[in-house]
Amino acid sequence: MTSEMTPLMSCPARYRQAMIAYLQNTNRTEKVLELCSTKIPEAVNAAVGTCPDVFQYISIGTAMGENDIRVLLELKKQYKKITATIVEPSPDMISTFKENVSKMGPLLDGVEFVWYTMTLEEYMEREHTVQQFHCIFLNGVIDYFKNLAESLKYLYKALDKNGLIAIVNVSVNNVFSAMCEQYPNLMFDFEVVPTKNLIPILDDVGSRYTVSEMEAMVDITTCMQEDSEIGNLMLDIFTHVANFRETAPKDLVDDVIQFLSNPKLLLHKSNDKITIRNNRDIIFAHPPALRMYQR
């Protein structure tokens, strides 16, 4: 890590651009949206069943909200009144989320949004009384928790006795897992936590859970093109360094680009296209049979 290199998370506008470029070049988006329309609401409905007058939903690290909106549209079919608590540290992401909600018009009638522009840790410090939620959604966010074990313990305290925590997380067959393992000193503003490292924490809490893997890919063709703005933005996401190609030493840039297309990650390579693995795990975690933490 050199002094010229800046953490991507400290540049909100660049982070938003890089995230959009990444999402436009992976089928993870469609895969997760499909998950949000089927498996997640089905699992929530099966766990919660009939609930009180207002269904309580919270999502941490929501980005632009497309996934949450899809989940909420499905949950609305079962629960007429929903309070959706949104915790997202990026003001740009929150702004876009609000725009996406507005576009839905009456389809989200009955859903009241409560917005928190902050991290989970800041939310935990702010909320001295632990509110109860029927669904807690963690989509690609646990890598950013400063203390994963303590954060999960807090979320279990906040989970209704019939509630469900839905986690979409990187699998071992994933570009971010591979990058973090290969370059542990590069991705310094977060740590990738593959599901195999998450399981012992769930076991310690005493949770009942299921795990399944969702296959996905990302097209990195533009990353091989030095003058591609899209490719450079995607390199920023993969390394979590703002303007990585411009600020990192050339030998490191070359090494990262070569590593991205290594055989362990590679799905398809031809003269005009390179795609690599971007799999996700889906974890449905239920409250422990016996509560281990006092409310």
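For this structure, a couple of remarks:
- Residue within segment 147-155 that is of a type in the set (K, R), farther than 23 Å from C51 by Cβ and surrounded by fewer than 21 Cβ atoms within 10 Å (Cβ to Cβ) present: yes
- N185 meets the conditions (1) over 18 Å from the mean Cα position of the chain (by Cα); (2) surrounded by 21 or more Cβ atoms within 10 Å (Cβ to Cβ); (3) at pLDDT below 90 in every case but one. The failed one is (2).
- Residue in segment 224-231 that is more than 27 Å from E34 (Cα to Cα), buried (at least 20 other Cβ atoms within 10 Å of the Cβ) and either touching a helix residue (DSSP H, G or I) at 6+ places or on another chain (Cβ under 9 Å) or not acidic (D, E) (or both) present: no
- Condition check for T96: of a type in the set (S, T, N, Q), under 13 Å from V114 (Cα atoms) and surrounded by fewer than 21 Cβ atoms within 10 Å (Cβ to Cβ): no
- Filter pass, R208 being of a type in the set (K, R), out of contact with any helix residue (DSSP H, G or I) (no Cβ under 8 Å at 6 or more places or on another chain) and touching a residue at least 60 places away in the same chain (Cβ under 8 Å): yes
- Across segment 34-64, the qualifying residues are those that are charged (D, E, K, R) and modelled with pLDDT of 90 or more, and the one among them that is surrounded by the most Cβ atoms within 10 Å (Cβ to Cβ) is K39.
- Filter result for T117 (open to solvent by less than 30 Å² (accessible area, probe 1.4 Å) and either over 25 Å from C11 (Cβ atoms) or without any contact (Cβ under 8 Å) to a residue 40 or more places away in the chain (or both)): no
- The single condition among (1) more than 24 Å from P7 (Cα to Cα); (2) touching a strand residue (DSSP E or B) at 6+ places or on another chain (Cβ under 7 Å); (3) outside any helix (DSSP H, G or I) that L198 does not meet is (3).
The values are calculated or read from the model by the stated rules, or taken from the named source; none is laboratory data. Since the structure is predicted, the reported quantities are computational estimates derived from the model, not experimental observations. Because the Cβ atoms are built from the backbone with ideal geometry, glycine has one as well, and the counts that use them run over all protein chains shown. Please note that ligands, DNA and RNA were not included when accessible areas were found on the heavy atoms of the full protein model with its side chains. Shrake-Rupley method; radii C 1.70, N 1.55, O 1.52, S 1.80 Å.
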